[in-house]
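Here the structure comes first, spelled out in structure tokens, and everything after it is commentary.
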Amino acid sequence: MSDPYVLVLYYSRNGSTAAMAEQIAKGVNCQAGYRALIRTIAPVSDSLSPEQEGIPDEGPLYCTEDELRHCAGLIIGSPTRFGNMAAALKYFLDNSSSLWMSGALIDKPAAVFTSTSSMHGGNEATLLTMLIPLLHHGMLPVGIPYSQSALHQTQGGGTPYGASHVAGQNNDLALSVHEQQLCHALGERVANLASRLG
């Protein structure tokens with residue numbers, strides 16, 4: 001694969017998940033020969049169709065099917081919605097059946113990340129449910145091992161299932177030092193595994 005990349009794909013309404021994606025991308029970029037490709041997805045309306053098409057006015061571009069197809073690894077993120085991913089990300093993944101049929105994502109490493117507004121707002125449930133469609137695609141789930149000291153020290157987000165952030169009721173976009181370290185570690189780990197599997 002020429003110019004291999006790990007796709008960091010996220011949906012963010014208030015910016016917390018986007019801030020995590022930036023830290024994860026820094027971790028990916030630490031792996032020699034790999035780069036992070038940051039992409040987002042369109043919000044959906046009440047009728048569950050994308051609200052807008054084309055290129056966003058600012059920030060990362062919307063992800064294309066080809067970008068998903070050709071990634072060496074995938075890291076997806078979403079805010080928590082009642083212990084599950086946001087509808088926009090679910091809609092995007094629900095429309096990836098052509099990649100499932102072709103087996104395009106089989107044996108590629110995949111990881112997940114989320115942000116919640118409360119400490120016990122369902123972040124671990126969200127991370128686990130986000131892994132389910134990736135397992136159906138035959139991807140290899142990647143978590144954060146307890147060898148990462150920040151996992152023991154965090155007073156906010158951070159789980160072995162993936163990176164997380166606790167924004168609080170005031171929607172604090174600033175990630176704690178430990179949350180940043182865990183985001184970075186997750187990105188680096190996925191890129192390292194993509195390198196070894198590639």
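The values are calculated or read from the model by the stated rules, or taken from the named source; none is laboratory data. Just so we're clear, the structure is a prediction, and the values are computed from it rather than from any experiment. No Cβ is skipped: glycine too gets one built from the backbone with ideal geometry, and neighbour counts run over all protein chains shown.
Remarks
- Contact map, segment 50-73: first residue under 22 Å from S195 (Cβ atoms) and in a loop (DSSP other than H, G, I, E, B), second residue at pLDDT below 75 and of a type outside the set (D, E, K, R), Cβ cut-off under 9 Å, separation 6 or more or different chains; pairs are H70/M1; A72/M1.
- Against the criterion of being without any contact (Cβ under 8 Å) to a residue 40 or more places away in the chain, over 19 Å from S12 (Cβ atoms), surrounded by 20 or more Cβ atoms within 10 Å (Cβ to Cβ) and not basic (K, R), Q153 does not qualify.
- Taken over segment 20-33, the criterion of being surrounded by fewer than 20 Cβ atoms within 10 Å (Cβ to Cβ) and modelled with pLDDT under 95 is satisfied by C30, A32, G33.
Yes/no per residue for (1) within 24 Å of G33 (Cβ to Cβ); (2) in contact with an Asp or Glu (Cβ under 9 Å, 6 or more places away or on another chain); (3) surrounded by fewer than 24 Cβ atoms within 10 Å (Cβ to Cβ):
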{"position": "I144", "(1), (2), (3)": "yes, no, yes"}
{"position": "T159", "(1), (2), (3)": "no, yes, yes"}
{"position": "Q169", "(1), (2), (3)": "no, no, yes"}
{"position": "S176", "(1), (2), (3)": "no, no, yes"}
{"position": "L182", "(1), (2), (3)": "yes, no, no"}
{"position": "A194", "(1), (2), (3)": "yes, no, no"}
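- Inclusion of M119 among residues that are within 21 Å of Q23 (Cβ to Cβ), in contact (Cβ under 8 Å) with a residue 12 or more places away in the chain, surrounded by fewer than 18 Cβ atoms within 10 Å (Cβ to Cβ) and among the hydrophobic types (A, V, I, L, M, F, W, C) is warranted.
- A125 falls short on exactly one of the conditions (1) more than 14 Å from G77 (Cβ to Cβ); (2) in contact with a Gly (Cβ under 7 Å, 6 or more places away or on another chain); (3) buried (at least 19 other Cβ atoms within 10 Å of the Cβ), and that condition is (3).
- Selection from segment 156-186 of residues that are within 23 Å of V6 (Cα to Cα) and free of Cβ contacts under 8 Å to residues at least 24 places away in the same chain: P160
- In summary, V112 fulfils each of the numbered conditions (1) under 15 Å from the mean Cα position of the chain (by Cα); (2) exposed (fewer than 14 other Cβ atoms within 10 Å of the Cβ) with the single exception of condition (2).
- Criterion (farther than 18 Å from G122 by Cα and not hydroxyl-bearing (S, T, Y)) met by exactly one of G187, G158, G168: G187
- Entirely in segment 117-198, the helices (runs of 4 or more DSSP H) that have 2 or more residues that are within 17 Å of the chain's Cα centre (by Cα): 123-136, 177-197
- Here L134 fits the description: within 19 Å of T40 (Cα to Cα), in contact with a Pro (Cβ under 7 Å, 6 or more places away or on another chain), crowded, with 20+ Cβ neighbours inside 10 Å and not β-branched (V, I, T).
- Any hit, segment 100-107, residues being exposed (fewer than 15 other Cβ atoms within 10 Å of the Cβ), part of a helix (DSSP H, G or I), among the aliphatic types (A, V, I, L, M) and modelled with pLDDT of 95 or more: yes
- Test: residue in segment 149-167 that is under 15 Å from N84 (Cβ atoms), β-branched (V, I, T) and modelled with pLDDT of 90 or more: no
- Flag for A25 being more than 20 Å from L93 (Cα to Cα) and touching a residue at least 12 places away in the same chain (Cβ under 8 Å): yes
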